[in-house]
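K.L.:
Shown below is the structure under consideration.
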Amino acid sequence: MATDAGNPIPRFPAGFLWGVSTSAHQIEGAADEREPSVWDAFTAEPGRIKDGSTAAVACDHYHRHTEDVALLAGLGVNAYRFSVSWPRVRSGEGLDFYDRLVDDLCAAGVRPVPTLFHWDLPAGLDWLERDTAARFAEYVTRVADRLGDRVTKWITLNEPAEHTLLGHALGVHAPGRQLLFDALPVAHHQLLAHGLAVRALRASGATDIGIANSHGPTWAASTEAADVEAADFYDVLLNRLFADPLLLGRYPEGIGELMPGDVEADLKVIAEPLDWYGINYYAPTRVGAPQGAEIEFGGVTMPAELPFSVREIEGHPVTDFGWPVVPEGLTELLTGFRDRYGDRLPPVVITENGCSYPGIDDQERIAYLDGHIRALHRAVAAGVDVRGYFVWSLLDNFEWAEGYARRFGLVHVDFETLERTPKASYRWYRELLRAQAPTA
């Protein structure tokens, strides 16, 4: 059993979901057996991916999924969050793969939890265009009609905030645009796509629907008015812009008028009731007033013209990605969400939480997970209705613009041979799950 100074991690409520997460583009490979996505075009441009790699093979999960389902079964998770590749479904035979995957998961006693969009937009579609939301709803209907007899828990979108910011505002992710605040229609159209997807899933009989939004506390760099104002703006942009419409049916003040179309009508779709709310948590962000120059932060160049600047968080260890390790930020985030949204906040699931460290004897990852799971339990003890926790990720994978340089997996992948080797953290998580299992 995992311990902290000899103390076991407290037990979570009965029925709690314990899982791991992955995404299609990062692990599936078999790129020649699906239609191209915006990420294929992006990675083909020289200099876009730091190690010059592509996801054409990745972990080859498409051909080795039975091996990976066996790893899930051996781990002892009761749920697996994966994503369905929209480009693969469009290829004609893609749904056959997900049919087999879902069957194998069910046979292994692992609940399938598919995410319907995890950044791999089919080439030729564009989130700047409103029609993409309608095309997404049609695709969702097709997937639900095929898998809905076995899949009961669904996720519409993964991290529309990052897809907007990194892909369309700053240009460091696909499709590589640098629109800054002109990227706001991308956020609106993704949220609209979510609402249309919820309606499509309901029409197909689904009763357990959520979204996976990334959130973290925003800490002002100081108590100076300029720093506090900048931090408040950042919090609106990265947290409330993507939570308020879903949970309150409105945009934060000053945002709605910047969005395209009939915003009031769209908000009625966006705010379709959710059965649960997914949160991806990695770290808080320390924010201050703009400093009049470009800032390199977390591998991303933040332009000087932004009305805020992201600062280092001192006094905490960092992962090999340079992200601060702040477990207490998860407790702060969840209790803050409860206080902000009250009875408008449905039950919460932590849909991602994890870290990048090298090596197979990954004691740093064990310490990270131990600390965050304890922080999660403190939020539960404080009255937050949390129903599940998913580690990112099962496998080392293609880490977007970082290529294969960052390793988030509980399982090491040799990207030459594709051999899978469970890490120390895999065994640690397995023992935690055994300790959390219901007693007779």
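The values are calculated or read from the model by the stated rules, or taken from the named source; none is laboratory data. Predicted model only: the values in this text are computed from it and were never measured. We place every Cβ from the backbone using ideal geometry, glycine too, and count neighbours over all the protein chains shown. Each accessible area value is taken on the protein alone, full model and side chains, heavy atoms only, with ligands, DNA and RNA left out. Shrake-Rupley method; radii C 1.70, N 1.55, O 1.52, S 1.80 Å.
K.L.:
If you take the residues of the stretch 248-263 that are charged (D, E, K, R) and assigned to a loop (DSSP other than H, G, I, E, B), which of them is least open to solvent (accessible area, probe 1.4 Å)?
P.N.:
Narrowing the stretch 248-263 to residues charged (D, E, K, R): 250, 253, 257, 262.
This time we only want the ones that are assigned to a loop (DSSP other than H, G, I, E, B), so: 250, 253, 262.
On the way: Arg250: 133, Glu253: 182, Asp262: 95 Å².
Selected residue: Asp262.
K.L.:
Hey, any hits in the stretch 264-276 for a residue that's more than 22 Å from the chain's Cα centre (by Cα) and outside any helix (DSSP H, G or I)?
P.N.:
No, the conditions are met nowhere in the stretch 264-276.
K.L.:
So which residues in the stretch 335-353 are surrounded by fewer than 20 Cβ atoms within 10 Å (Cβ to Cβ), out of contact with any Lys or Arg (no Cβ under 9 Å at 6 or more places or on another chain) and of a type outside the set (Ser, Thr, Tyr), if there are any at all?
P.N.:
Gly336, Arg338, Asp339, Gly342, Asp343, Arg344, Pro346
K.L.:
Residues to consider are Asp145, Asp126; find the one that is within 21 Å of the chain's Cα centre (by Cα), charged (D, E, K, R) and surrounded by fewer than 20 Cβ atoms within 10 Å (Cβ to Cβ). So that I can check it myself, show each step before the final result.
P.N.:
Working: Asp145 fails: within 21 Å of the chain's Cα centre (by Cα).
Answer to the selection: Asp126.
K.L.:
Suppose we filter the stretch 191-247 for residues that are within 18 Å of His163 (Cβ to Cβ), of a type in the set (Ser, Thr, Tyr) and open to solvent by 20 Å² or more (accessible area, probe 1.4 Å); how many remain?
P.N.:
1
K.L.:
Then there is this: Can you tell me how many residues within the stretch 377-411 are open to solvent by less than 40 Å² (accessible area, probe 1.4 Å), in contact with a strand residue (DSSP E or B) (Cβ under 9 Å, 6 or more places away or on another chain) and either hydroxyl-bearing (Ser, Thr, Tyr) or closer than 26 Å to Ala70 by Cα (or both)?
P.N.:
Going through the stretch 377-411 one residue at a time, the tally reaches 14.
K.L.:
Hey, another quick one. How about the stretch 164-187: which of its residues are under 19 Å from Val236 (Cα atoms) and touching a helix residue (DSSP H, G or I) at 6+ places or on another chain (Cβ under 7 Å)?
P.N.:
Answer for the stretch 164-187, where residues must be under 19 Å from Val236 (Cα atoms) and touching a helix residue (DSSP H, G or I) at 6+ places or on another chain (Cβ under 7 Å): Thr164, His168, Ala169, Leu179, Leu180, Ala183, Leu184, Val186, Ala187.
K.L.:
Moving to a separate point now. In the set Arg202, Arg142, which member is more than 26 Å from Glu305 (Cα to Cα), in a helix (DSSP H, G or I) and out of contact with any strand residue (DSSP E or B) (no Cβ under 9 Å at 6 or more places or on another chain)?
P.N.:
Numbers: Arg202 fails: out of contact with any strand residue (DSSP E or B) (no Cβ under 9 Å at 6 or more places or on another chain).
Just a single option satisfies the conditions, and that option is Arg142.
K.L.:
Here's something else I'd like to know. What tally of residues in the stretch 313-334 results from selecting those that are open to solvent by 30 Å² or more (accessible area, probe 1.4 Å) and either under 17 Å from Arg387 (Cα atoms) or assigned to a helix (DSSP H, G or I) (or both)?
P.N.:
The total comes to 2.
K.L.:
Could you list all residues from the stretch 179-190 that are in contact (Cβ under 8 Å) with a residue 60 or more places away in the chain and either surrounded by fewer than 23 Cβ atoms within 10 Å (Cβ to Cβ) or in contact with a strand residue (DSSP E or B) (Cβ under 7 Å, 6 or more places away or on another chain) (or both)?
P.N.:
Listed by number, the residues that qualify are Leu180, Phe181, Leu184, Pro185, Gln190.
K.L.:
Provide a single number: the residues in the stretch 148-178 that are in a helix (DSSP H, G or I), open to solvent by less than 20 Å² (accessible area, probe 1.4 Å) and over 25 Å from Arg90 (Cβ atoms).
P.N.:
In the first step, residues of the stretch 148-178 are kept if they are in a helix (DSSP H, G or I); the result is 160-169.
Retained after the next criterion (residues that are open to solvent by less than 20 Å² (accessible area, probe 1.4 Å)): 160-161, 163-164, 167-169.
Restricting the remaining residues to those that are over 25 Å from Arg90 (Cβ atoms) gives 161, 169.
Residues that pass the stated criteria total 2.
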